[in-house]
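The values are calculated or read from the model by the stated rules, or taken from the named source; none is laboratory data. This is a predicted model, so every value here is computed, not measured. Virtual Cβ from ideal backbone geometry, glycine too; neighbours counted across all protein chains shown.
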């Protein structure tokens with residue numbers, strides 16, 4: 001049931017980009033037609049900013065997202081899941097530009113809306129909380145990031161399975177958070193678990209390579225020099241066998 005909830009959430013997000021708007025009935029009022037026009041404008045802007053986001057044109061994407069947010073706040077009743085998703089995406093855009101303070105504001109607003117719309121610990125709320133953890137990491141507030149990840153990782157394991165790729169990337173992040181707090185043994189364990197997960201469930205090799213490199217660094221820091229060298233040899237082999245994964 002829980003994995004089904006994640007699938008439904010993914011379908012809802014995807015529908016933002018594939019929604020087919022109904023033909024406007026001729027007997028609609030002027031207000032109804034205007035509302036539909038606003039929704040169409042919002043839809044077009046979301047498609048444009050999503051494309052710019054994928055192309056890493058972050059400033060352009062943010063400008064488009066801000067225009068979409070203005071429309072969403074007037075065209076949709078609050079709280080609205082589309083507005084919350086837009087705020088979430090704007091937070092991700094700001095994080096991508098290392099504007100973490102601004103990102104924090106967007107992610108907090110997204111979470112506030114989602115908590116009014118969705119039951120506790122459903123996929124949208126989990127997404128917002130994990131994005132907050134990433135933002136706190138960018139702000140070097142490691143205690144808050146650690147607190148959120150401790151709560152979210154076991155929950156996501158229950159929902160998606162222990163070896164889902166998303167679990168692996170969050171374990172890597174948690175290892176980095178622990179490392180910054182000089183909790184090196186815990187960091188090593190988190191990196192090791194991330195490697196085990198990503199080896200079983202990954203298409204993109206970059207997350208696995210990152211986790212392995214960090215695991216090797218942790219081993220070296222703890223005095224396991226030989227094991228660290230062995231890990232680095234594996235990393236170098238992976239990089240040489242498939243350099244396209246590093247682009």
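A few comments on the model shown:
- Cβ-Cβ under 9 Å pairs, at least 6 apart or on other chains, region 76-102 side outside the structural domain of residue 49 (by TED's automatic domain parsing), far side at pLDDT below 95 and surrounded by 21 or more Cβ atoms within 10 Å (Cβ to Cβ): none
- Count of region 197-212 residues which are surrounded by fewer than 16 Cβ atoms within 10 Å (Cβ to Cβ) and assigned to a helix (DSSP H, G or I): 3
- Some residue of region 175-190 being closer than 22 Å to residue 241 by Cβ and buried (at least 23 other Cβ atoms within 10 Å of the Cβ): no
- Of all the listed residues (94, 193, 151), the sole one being out of contact with any strand residue (DSSP E or B) (no Cβ under 9 Å at 6 or more places or on another chain) and surrounded by fewer than 16 Cβ atoms within 10 Å (Cβ to Cβ) is 151.
- Members of region 41-76 that are more than 16 Å from residue 89 (Cα to Cα) and either exposed (fewer than 14 other Cβ atoms within 10 Å of the Cβ) or under 18 Å from the mean Cα position of the chain (by Cα) (or both): 74
- One residue stands out in region 102-138 among those that are over 16 Å from the mean Cα position of the chain (by Cα) and either surrounded by 20 or more Cβ atoms within 10 Å (Cβ to Cβ) or more than 15 Å from residue 88 (Cβ to Cβ) (or both): the one that is modelled with the highest pLDDT, namely 113.
Every residue, every condition in (1) more than 25 Å from residue 110 (Cβ to Cβ); (2) within 19 Å of the chain's Cα centre (by Cα), yes or no:
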{"position": "150", "(1), (2)": "no, yes"}
{"position": "173", "(1), (2)": "no, yes"}
{"position": "182", "(1), (2)": "yes, no"}
{"position": "189", "(1), (2)": "yes, no"}
{"position": "211", "(1), (2)": "yes, yes"}
{"position": "219", "(1), (2)": "yes, no"}
{"position": "233", "(1), (2)": "yes, no"}
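- Of all residues in region 154-184, those satisfying the criterion of being without any contact (Cβ under 8 Å) to a residue 40 or more places away in the chain and either farther than 25 Å from residue 200 by Cα or in contact with a strand residue (DSSP E or B) (Cβ under 7 Å, 6 or more places away or on another chain) (or both) are 181, 182, 183.
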